[in-house]
1. From the residues in the range 428-464 that are among the β-branched types (Val, Ile, Thr) and without any contact (Cβ under 8 Å) to a residue 40 or more places away in the chain, which one is farthest from Ala475 (Cα to Cα)?
2. Which one of these is at pLDDT 85 or above, out of contact with any strand residue (DSSP E or B) (no Cβ under 7 Å at 6 or more places or on another chain), open to solvent by 40 Å² or more (accessible area, probe 1.4 Å) and assigned to a loop (DSSP other than H, G, I, E, B): Glu38, Glu92?
3. Just to be sure I understand, how many residues within the range 300-317 are open to solvent by 10 Å² or more (accessible area, probe 1.4 Å) and touching a residue at least 60 places away in the same chain (Cβ under 8 Å)?
4. Look at Glu363 and say whether it is within 22 Å of Gly453 (Cβ to Cβ) and touching a Ser or Thr at 6+ places or on another chain (Cβ under 7 Å).
5. Pairs under 8 Å by beta carbon, first residue among the charged types (D, E, K, R) in the range 372-383, partner open to solvent by 10 Å² or more (accessible area, probe 1.4 Å), six or more apart or different chains?
6. Given the criterion surrounded by fewer than 19 Cβ atoms within 10 Å (Cβ to Cβ) and at pLDDT 90 or above, identify the matching residue among Gly234, Gly253, Gly248.
7. Quick one: how many residues across the range 436-465 are out of contact with any Leu (no Cβ under 7 Å at 6 or more places or on another chain) and not in a helix (DSSP H, G or I)?
8. Do the conditions hold for Ser121, that is, is it part of a strand (DSSP E or B) and hydroxyl-bearing (Ser, Thr, Tyr)?
Amino acid sequence: MGPPRSPPSKANIVRSLCILLVGLLLLESLGCAARPKEPPAYFAPPAKVTVRHFPGTPLSGPQATKLTEQSSRDALAINARFFSLEQMPKVELPQVGERARLVAVTRGDTPVISTAQLTASARVALPAQAAKVAADLAADRLTRTRSLANLTEALPIGITTQFDFVDPNASAHSFAVALYRPPPAANESSTAALQIGLTVRSMVTLPPHRDSAPEPPALQTETVLLDPIELENGVNRFVLIAPFSFAGNPSWGIAVIIEAGPGTDDPMHQERFARAMADAAQESAKAAAYVSIATQPADDWPALAAALSALNNAAQQRQTLAMLAGQTNAQVCLDYALAADAPGLAKLAKRVLDQMSSVPHDEPSVSWLLDRSSFELLAEALNSGAMPPELAEVLTRYAGEPGRHAGAVDEVLHEGGSRADFSARLIAENLVFLEDTSPASRVRAFEWLATIGKTPLGYDPLAPSRERHAALDKALGGGDAPNK
């Protein structure tokens, strides 16, 4: 057994404690380095949100028209939840351009034929994918999100409900989602459909041309109108994801989760329906007042000629026809361009180009050429018995009851040379149908005349024959004039 050990000195004890303390501090620092850093806080950007209801499509805007008579059960129940997105979500979805009926681009106040930039990376999830995408967005599994709005509305037939977002720190920049409820096509079932529109407005700098100076940034508006989607029974869900920059906020864009379900007699839904119809009636009245006081804009033949030449490009025919129709107020052509398939667009483009040389170079003449050519093709499709339902609805909307009878529109076209002549002949033909033996034909003709304020005073399409004839004789035979 060796000699006994002496107790450790104070200096040794202090040294050991110091070594232990240094080791603990080193371990702590290594642990901190290994732990992931907390991401910076992400706050929702400020956004001013408004909701409007108007008769018309997302592209046409408010129209002066008679609202469809309906109840709250006819109106879809809509819930729209909007979220800001910190980054572009990591999810595989089709681009909105793949589902688009039309992409319209305006730079400044001028419609242009251009590739979309603001909406190029926008995505859409249809019902088959939307449930999972919506759940992943709500749980922040795709990127961090913050709620911007949760809105519940009623969407009546023939009405667009539009949700507008404006950046309060950059009021020229805006984001809008529009939901349109197309009327059922003639002779079709009452299957509900929904059409979604997306509009983004922001400053865009165009890439410089090789032989010209760079253009300054300009305010650009892009509207993407998706193909109408037939709704299944129950609640249908959709998701839109689009880039949108807010001033002073790092958000990449906005996502909206849309749920569309059947209407009910629920008091809250009835209240929303009544509000939507009242708003739509106000918007229709404003549109009528605007039309009555608006002056004809100055003709701009060079711009029209440039657009007309683009009709030779099959890939741009829908966009070009819609742009021309919007610029010249050719409403029949606009609806035809939105509804027709590619062969139908090609026929219209060819007919317009073939007749262009015989038309005066001014906006009213081009407008009537576009509308007349559209009417001609619609009449030909009706006469052949191969009228697509979506185009049948366009024809009856603008021609009334003659638009349901083969040969009737042809006769009006042959007799009416100018737009005014054609309109007068259409009114006369619809007045003739007020004496038809079919109650359905009389009602439809009466309703069409009511949309333009031309119903004979005292006439009821469902009254007994003697009363109907007496009212027509009084209104049209030198007594009272048609209701104006």
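The values are calculated or read from the model by the stated rules, or taken from the named source; none is laboratory data. It should be emphasised that the depicted structure is a prediction, and the values quoted were computed from it without experimental measurement. Glycine gets a Cβ as well: all are built from the backbone with ideal geometry, and neighbour counts include every protein chain shown. Please note that ligands, DNA and RNA were not included when accessible areas were found on the heavy atoms of the full protein model with its side chains. Shrake-Rupley method; radii C 1.70, N 1.55, O 1.52, S 1.80 Å.
1. So the residue we want is Thr437.
2. Glu92
3. Number of matching residues: 5.
4. no
5. Note: pairs meeting the criteria are Arg372/Arg419; Glu376/Arg351.
6. None of the others qualify; the one that does is Gly234.
7. 12
8. So Ser121 does not fit the description; no.
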